[in-house]
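*Asks:* Following this message is one structure expressed as C-alpha cells.
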Amino acid sequence: MELEAAEGYAELELWREAWQTLDRMDPIEKGQPEALRLRLRCCGPLGAWTIGEHVANILRDGDKDDRQAAARFFLDHARAHPGHGSGSLAAAVETWPPALREINADPELAAIAGKH
C-alpha cells in the first residue's frame, strides 16, 4: 500500500512526498526491486546523487527493469554532472547496452561522451 502511494506521488512529480513514503515502508519492502526503482526515480529530482549511485549499483545486476532503471539514472547523472559524466555514461552502457543508442541520439549526452 505504501508503495502504491509513493508511486502516486512520483507520478505527480511530488518527489519529496514519494521519498518520505518510501522511508515509512517496512525495511524488507524498502529493499524490494520495485521500491528501489522508485527510490532511484526520486534521486535525480531531489539531488540525491550519492544515494542514487548506491541504489543504481544494486539494481544494475538485476532483471531487465532494474538494469534499465539503473542506466536511466546513470544517463541523468551524466546530464546533471557533465564534467564527470563520462564515467556515468560508461556505467549506463555497461548496465544496459541499448543506452548507447540514446547517447548517440542525444546531442547533450554525445557531447559529454566526446562524440560531437
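*Asks:* Could you give every pair whose Cβ atoms fall below 9 Å, whose first residue belongs to the stretch 94-116 and is under 12 Å from Arg79 (Cα atoms), and whose second residue is surrounded by 11 or more Cβ atoms within 10 Å (Cβ to Cβ) and polar (S, T, N, Q), counting only separations of at least 6 or pairs across chains?
*Replies:* Sorted first by the residue in the stretch 94-116, then by its partner, the pairs are Ala110/Asn104; Ile112/Ser86; Ile112/Ser88; Ala113/Ser86; Ala113/Asn104.
*Asks:* Something else about it: Can you name the condition, by its number, that Arg24 falls short on among (1) surrounded by 13 or more Cβ atoms within 10 Å (Cβ to Cβ); (2) under 18 Å from Ala6 (Cβ atoms); (3) basic (Lys, Arg)?
*Replies:* (1)
*Asks:* Could you go through the stretch 1-11 and let me know if any residue there is more than 19 Å from Glu108 (Cβ to Cβ), crowded, with 20+ Cβ neighbours inside 10 Å and in contact with a Gly (Cβ under 9 Å, 6 or more places away or on another chain).
*Replies:* Within the stretch 1-11, not a single residue is more than 19 Å from Glu108 (Cβ to Cβ), crowded, with 20+ Cβ neighbours inside 10 Å and in contact with a Gly (Cβ under 9 Å, 6 or more places away or on another chain).
*Asks:* Out of the residues in the stretch 1-30 that are under 17 Å from the mean Cα position of the chain (by Cα) and of a type in the set (Lys, Arg), which is modelled with the lowest pLDDT?
*Replies:* Lys30
Here's the yes/no breakdown for (1) of a type in the set (Val, Ile, Thr); (2) touching a Cys at 6+ places or on another chain (Cβ under 6 Å); (3) under 20 Å from Arg79 (Cβ atoms):
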site: Glu7; (1), (2), (3): no, no, no
site: Thr21; (1), (2), (3): yes, no, no
site: Lys30; (1), (2), (3): no, no, no
site: Pro33; (1), (2), (3): no, no, no
site: Leu40; (1), (2), (3): no, no, yes
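*Asks:* Cβ-Cβ distance below 6 Å, separation of 6 or more or different chains: which pairs start in the stretch 39-61 with a residue that is under 21 Å from Ala5 (Cβ atoms) and end on one that is of a type in the set (Asp, Glu)?
*Replies:* The qualifying pairs are Gly44/Asp76.
*Asks:* Follow-up question, since we're still on this one. Is it the case that the stretch 75-88 has a residue that's in contact (Cβ under 8 Å) with a residue 24 or more places away in the chain and either of a type in the set (Phe, Trp, Tyr) or touching a strand residue (DSSP E or B) at 6+ places or on another chain (Cβ under 6 Å) (or both)? Outline the logic, then answer.
*Replies:* Initial filter on the stretch 75-88 (in contact (Cβ under 8 Å) with a residue 24 or more places away in the chain): 75-82, 85-86.
The next check asks that each one be either of a type in the set (Phe, Trp, Tyr) or touching a strand residue (DSSP E or B) at 6+ places or on another chain (Cβ under 6 Å) (or both); those that pass are none.
For the stretch 75-88, residues in contact (Cβ under 8 Å) with a residue 24 or more places away in the chain and either of a type in the set (Phe, Trp, Tyr) or touching a strand residue (DSSP E or B) at 6+ places or on another chain (Cβ under 6 Å) (or both): absent.
*Asks:* Something else: For the stretch 75-94, state whether one or more residues are of a type in the set (A, V, I, L, M) and in contact with a Cys (Cβ under 9 Å, 6 or more places away or on another chain).
*Replies:* So the first thing to find is which residues in the stretch 75-94 are of a type in the set (A, V, I, L, M), and the list is 75, 78, 80, 89-93.
So of that shortlist, the ones also in contact with a Cys (Cβ under 9 Å, 6 or more places away or on another chain) come out as none.
The answer is no; no qualifying residue exists.
*Asks:* Among the residues of the stretch 30-40, how many are over 12 Å from Asp65 (Cβ atoms) and surrounded by 15 or more Cβ atoms within 10 Å (Cβ to Cβ)?
*Replies:* Selection size over the stretch 30-40: 3.
The values are calculated or read from the model by the stated rules, or taken from the named source; none is laboratory data. Since the model is a prediction, treat every value here as computed from it, not as a measurement. When we count neighbours, we look across all protein chains shown, and the Cβ atoms used for this are built from the backbone with ideal geometry, even at glycine.
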